[in-house]
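**Student:** Structure provided below as structure tokens; questions to follow.
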Amino acid sequence: MKTVATQKRTFLQNVRILTMTAVLSAIFFVLAFFEFPVPLSPSFARMDLSDLPALIGAFAYGPMSGILIELVKNALQLLTSSTGGIGELANFIIGSSFVVTAGLIYKSHKTKKTAMIACLIASVTMGIVASIVNYFILLPVFEAFMPLDQLIASFGEFIPFIKTKLDIVLFNAFPFNVLKGIGISIVTMLLYKRLSPILKGRQM
């Protein structure tokens, strides 16, 4: 049976995880407001770095923490949603595919090399999932505001060989999300070691 000291330690550890998950969720939500234009894309295509805290959470506490951070952030964004929640659902699916993949691989063997491999595989996974989500969810939402031909033409202005909706996914959504994942991964690798003592409750 667990001793009182062990139970207390477990309780305090769970409280810390919940507290830090809440803090990371708040940072996640704030970062979502800092958007940047996507290279070689129309002005309505924007990116942000809000998946960064979720990836840090997945590394520190496991993939479920990453999912929870993604869920809280997108739930909060429903308050100002202009897509009736569809955009937030899509973002949740894409972001979760990224942090869960990275978190699961890193959890199996917590080394720097594994973290790098996890981030690379997770970035490709996010690119694939984002392609599917863009084709079946996000682009149809955009079509409600802009005719398909005009939507395709808006991307074609930057990448001339984009002629179909599938081309948008293959030559814009997929590579962009892979590169976004790699970018977030690089920042995470630079920050995680410095943040780990705080996240784990160890002394610096």
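**Student:** Determine if region 182-201 includes at least one residue that is assigned to a helix (DSSP H, G or I), open to solvent by 60 Å² or more (accessible area, probe 1.4 Å) and farther than 16 Å from I56 by Cα.
**Tutor:** Taking every residue of region 182-201 in turn, none turns out to be assigned to a helix (DSSP H, G or I), open to solvent by 60 Å² or more (accessible area, probe 1.4 Å) and farther than 16 Å from I56 by Cα.
**Student:** So which pairs qualify, if the first residue must be in region 155-171 and within 16 Å of P140 (Cα to Cα) and part of a helix (DSSP H, G or I), the second must be of a type in the set (K, R) and open to solvent by less than 90 Å² (accessible area, probe 1.4 Å), the Cβ gap must be under 8 Å, and the two must be at least 6 apart or on different chains?
**Tutor:** Here the result reads none, with nothing in region 155-171 linked to a residue that is of a type in the set (K, R) and open to solvent by less than 90 Å² (accessible area, probe 1.4 Å).
**Student:** Taking into account only those residues within region 94-118 that are among the β-branched types (V, I, T) and under 12 Å from D51 (Cα atoms), which is least open to solvent (accessible area, probe 1.4 Å)? Reasoning before the result, please.
**Tutor:** Looking only at region 94-118, we keep the residues that are among the β-branched types (V, I, T), and these are 94, 99-101, 105, 111, 114, 117.
Pick out the ones that are also under 12 Å from D51 (Cα atoms) and you get 94, 99-100.
Values: I94: 15, V99: 0, V100: 36 Å².
Here the answer is V99.
**Student:** Name the one entry in E143, E157 that is open to solvent by 90 Å² or more (accessible area, probe 1.4 Å), acidic (D, E) and more than 27 Å from I69 (Cα to Cα). Break it down stepwise before answering.
**Tutor:** Working: E143 fails: open to solvent by 90 Å² or more (accessible area, probe 1.4 Å).
Criteria check complete, one pass: E157.
The values are calculated or read from the model by the stated rules, or taken from the named source; none is laboratory data. Bear in mind that the values here come from a model prediction, so they are computed numbers and not experimental data. We place every Cβ from the backbone using ideal geometry, glycine too, and count neighbours over all the protein chains shown. Ligands, DNA and RNA are stripped out before the accessible areas are found, and what is left, the full protein with its side chains, is counted by its heavy atoms. Shrake-Rupley method; radii C 1.70, N 1.55, O 1.52, S 1.80 Å.
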